[in-house]
Amino acid sequence: MLTIPDPGVARVDDGIDTAGGSARLAAVDNVATQVLRTTRLTHLAWHALGKEYGPDVDPVGFRVLAQVITGGPVRLTALAEELFTDTSTMSRQTSAMVKAGLLERRPDAADGRASLLAATEKGERVFEHVRRRREELLGGLLDEWSEEDVHQLGVLLERYNLTLARHYVPAHCAEQKAEQKTVGPRAHNDQRAHANNQNDTTEDEGEDCS
């Protein structure tokens, strides 16, 4: 994993001239603009991919499959934490994927009250198919880029994501801990066990906080 030094923060008393400060602000503003454009264009790309390969293929479903396949069978609550969402949202997502035959529920040997989510053979095939298509499409888009530029893009995106995680994951985990204190440990554990045992009719949509 890439190690990131704490970024320096430019201030007036740092001795940075006005022109330099303006250039920095303009650069940050451009980053913000490009991040928003990337988000919108990525959504369009996934929409096109979904139209080509069916409604089961979407960014969230792909991330769920990736986490379950690479990390192994997992509880619903742990999966929600890994993907930075709440258990009710993740319950709806995974219930739809169970109905579609992409995921299955298995008994948790460590806790008879809980169950684990695992990918089915169909889920593994869909994941591999979409992953290959994603790499083919992205490879085609970056075909005119040099290998060095592609590598540098990956390095900078990883650095950006790690910076986001450093700033926002602690707050996300703090909110979860505050919620646990509010409802009480026993009630919180009962909610987690209930969420892990949700069936297909469930209603109400990383780094682990554990």
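The selection criterion, being at pLDDT 85 or above and touching a strand residue (DSSP E or B) at 6+ places or on another chain (Cβ under 7 Å), does not hold for residue 141.
Restricting attention to the stretch 95-119, the residues that are in a loop (DSSP other than H, G, I, E, B) and more than 13 Å from residue 61 (Cβ to Cβ) total 7. Each residue in the stretch 95-129 was checked for being of a type in the set (Ser, Thr, Tyr) and touching a Gly at 6+ places or on another chain (Cβ under 9 Å), and 1 pass.
The values are calculated or read from the model by the stated rules, or taken from the named source; none is laboratory data. Source: prediction; values computed, not measured. Counting neighbours? That spans all protein chains shown, and the Cβs are built from the backbone with ideal geometry, glycine included.
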